[in-house]
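Here's the structure, in structure tokens; my notes come after.
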Amino acid sequence: MTDRSPSSGSDEPQQSTPTSFENTIDLEKYQLTSDVDDLPDDIDELRLEIDRLDAVILGAIKRRSAVSKKIGAARMASGGPRLVHSREVKVIDRFAELGKEGHTLAMLLLRLGRGPLGR
Ligand SMILES: O=C(O)C(=O)C[C@]1(C(=O)O)C=C[C@@H](O)C=C1
């Protein structure tokens, strides 16, 4: 049987520190690449893929919002600020490749995480 333990096989160092946030998820593994050549042309089947993606996106958004609220609560509990501008800029920059709509999307994600402002 093949030994698949992490230490076997190669002298290559294990990838432990992602170089950019995009590398924190294996897009191929979760079938999230934008290459759709391998998909059938059948509309019903394509809609099933849309449904799958919407479920992934919705789940990710809900989890992101919950994590963001948890960070905010922890920060404020230790006397920190409600918002961190530098982090928000980073989030907005990530979505810049989607253009104007990417900016809108990033702002929505931030809003979902931090709740209404001015309370
Ligand atoms: O990274 C943080 O410190 C967060 O609180 C998370 C988060 C976000 O949702 O990305 C939310 C509010 C902050 O203003 C900045 C970023």
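The values are calculated or read from the model by the stated rules, or taken from the named source; none is laboratory data. As the structure is a prediction and not an experimental result, all values here were calculated from the model. So basically every Cβ, Gly included, is an ideal-geometry build from the backbone, and we count neighbours across all protein chains shown. For the accessible areas, the whole protein counts, side chains as well, though only heavy atoms, and no ligand, DNA or RNA atoms are used. Shrake-Rupley method; radii C 1.70, N 1.55, O 1.52, S 1.80 Å.
Things to note:
One line per residue, one yes/no per condition, for (1) within 9 Å of the ligand (Cβ to nearest atom); (2) among the hydrophobic types (A, V, I, L, M, F, W, C); (3) closer than 18 Å to Glu22 by Cβ:
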position: Val84; (1), (2), (3): yes, yes, no
position: Glu88; (1), (2), (3): yes, no, no
position: Arg94; (1), (2), (3): no, no, yes
position: Met107; (1), (2), (3): no, yes, no
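- Of all residues in the range 65-101, those that are more than 17 Å from the chain's Cα centre (by Cα) and of a type outside the set (D, E, K, R) total 14.
- Count of residues meeting criterion [within 16 Å of the ligand (Cβ to nearest atom), open to solvent by less than 70 Å² (accessible area, probe 1.4 Å) and either farther than 13 Å from Gly113 by Cα or of a type outside the set (Val, Ile, Thr) (or both)] in the range 27-74: 7
- For Arg114, the criteria (1) under 16 Å from the mean Cα position of the chain (by Cα); (2) over 18 Å from Phe21 (Cβ atoms); (3) open to solvent by less than 70 Å² (accessible area, probe 1.4 Å) hold in every case but one, which is (1).
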